[in-house]
Amino acid sequence: DLDSFHNDGYIVYTGIFVDEAREKLIDEIVQDASVRQYIDALDDLPPEPKPYFVRPWNERGPYSDRLIDDPFIASLLRVTIGGDYHFCHSALNIAPRGVGEIPYHQDHHHWKHHPRVNIAERDKYYIQALYYPLGFGLGDRNLKVIPGSHLVSPTEEVTAERMLAGEFDAEAGRKLEEKRLALPPGSMVYINARIFHGVEAKPVDSPAPYRI
């Protein structure tokens, strides 16, 4: 797993929750007043709906709050990037049927600030723990990544399209290709968000009304 993180830029953990905890986490989220209001109005959303999105997500319940500094997460941080890290923010995203894609992007922006900031840290990590209590299938709001793309310096000339065309294979030391993920309920992706990643659209006929 650790080799996957350093070589590919992410690790997938399925079954990260026991069933009872997963169910209580989902219930805690959907019973939040603003989330409940959003879910209750799903039938009235426009043809191109917007997801429910909160960042920073500070009004977490006890089950959600445990996701931040669970001993497993703290241990994973230490063995992958060391003990010198800080918490930035949490976010909640609920994507309904019909929502559009999130194009390929990187969430580590230190290289692209004008003027550039955090120069001492910009070559390091930007870790995200992405929890999917409901999971997702291919073509149904699934996560997609370009493994190894974090090995390429994130300059303004680097784009996902040029990566997938093979222009940066030599710098990465490998062939850069797209990988589409399908994950069962209760999965977590531990990702260095410097890799290019994106999310596919959720079809209007998706069997699940929304993805958390």
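The values are calculated or read from the model by the stated rules, or taken from the named source; none is laboratory data. No experiment lies behind these values; they were computed from the predicted model shown. Neighbour counts are summed over all protein chains in view; Cβ atoms, including those assigned to glycine, are modelled from backbone coordinates with ideal geometry. All accessible areas refer to the heavy atoms of the entire protein, side chains included, with ligands and DNA or RNA removed. Shrake-Rupley method; radii C 1.70, N 1.55, O 1.52, S 1.80 Å.
Quick notes
- Multiplying the residue separation of residue 69 and residue 14 by 0.36 nm and removing their Cα-Cα distance gives an extension gain of 17.9 nm.
- Apportionment of accessible area to carbon and sulfur, the chain, percent (1.4 Å): 50 percent
- A helix-only calculation puts the chain at -7000 deg cm²/dmol for mean residue ellipticity at 222 nm, using -39500 (n - 2.57) for each DSSP H run of at least four residues, averaged over all residues.
- With all protein chains modelled, accessible area of residue 12 [1.4 Å, Å²]: 50 Å²
- For residue 205, the solvent-accessible surface with a 1.4 Å probe is about 130 Å², rounded to the nearest 10.
- Whole-number accessible area per residue in Å² for the chain, which is evaluated in the context of all protein chains at 1.4 Å: 54 Å²
- In nm, spacing of pseudo-spin labels at residue 50 and residue 87 (7 Å Cα→C-beta vector): 2.8 nm
- Counting only protein chain heavy atoms and rolling a 1.4 Å probe, the accessible areas of 89, 197 rank, largest first, as 89, 197.
- Dipole magnitude for the chain: computed about the Cα centre from +1 point charges on Lys and Arg Cβ and -1 point charges on Asp and Glu Cβ, it is near 260 debye.
- Modelled label reach - residue 174, point 7 Å along Cα→Cβ, the stretch 9-39 residues with backbone N closer than 13 Å: 9-12
- The calculated FRET efficiency for the pair residue 162 and residue 7, based on their C-beta separation and a Förster distance of 30 Å, comes to about 0.90.
- Fluctuation leader among 170, 21, 193 - the chain, Gaussian network, Cα springs under 10 angstrom: 170
- Normalised by the number of residues in the chain, the average gap of Cα pairs under 8 Å and 6 or more apart makes the relative contact order 33 percent.
- Using alpha-carbon coordinates, inclination of helix 71-81 to the longest axis of the chain, degrees: 20 degrees
- Extension reserve of the residue 105-residue 59 stretch, reckoned as 0.36 nm per residue once the Cα distance is removed: 13.8 nm
- The solvent-accessible area of residue 87, taken with every protein chain present and a 1.4 Å probe, is close to 120 Å².
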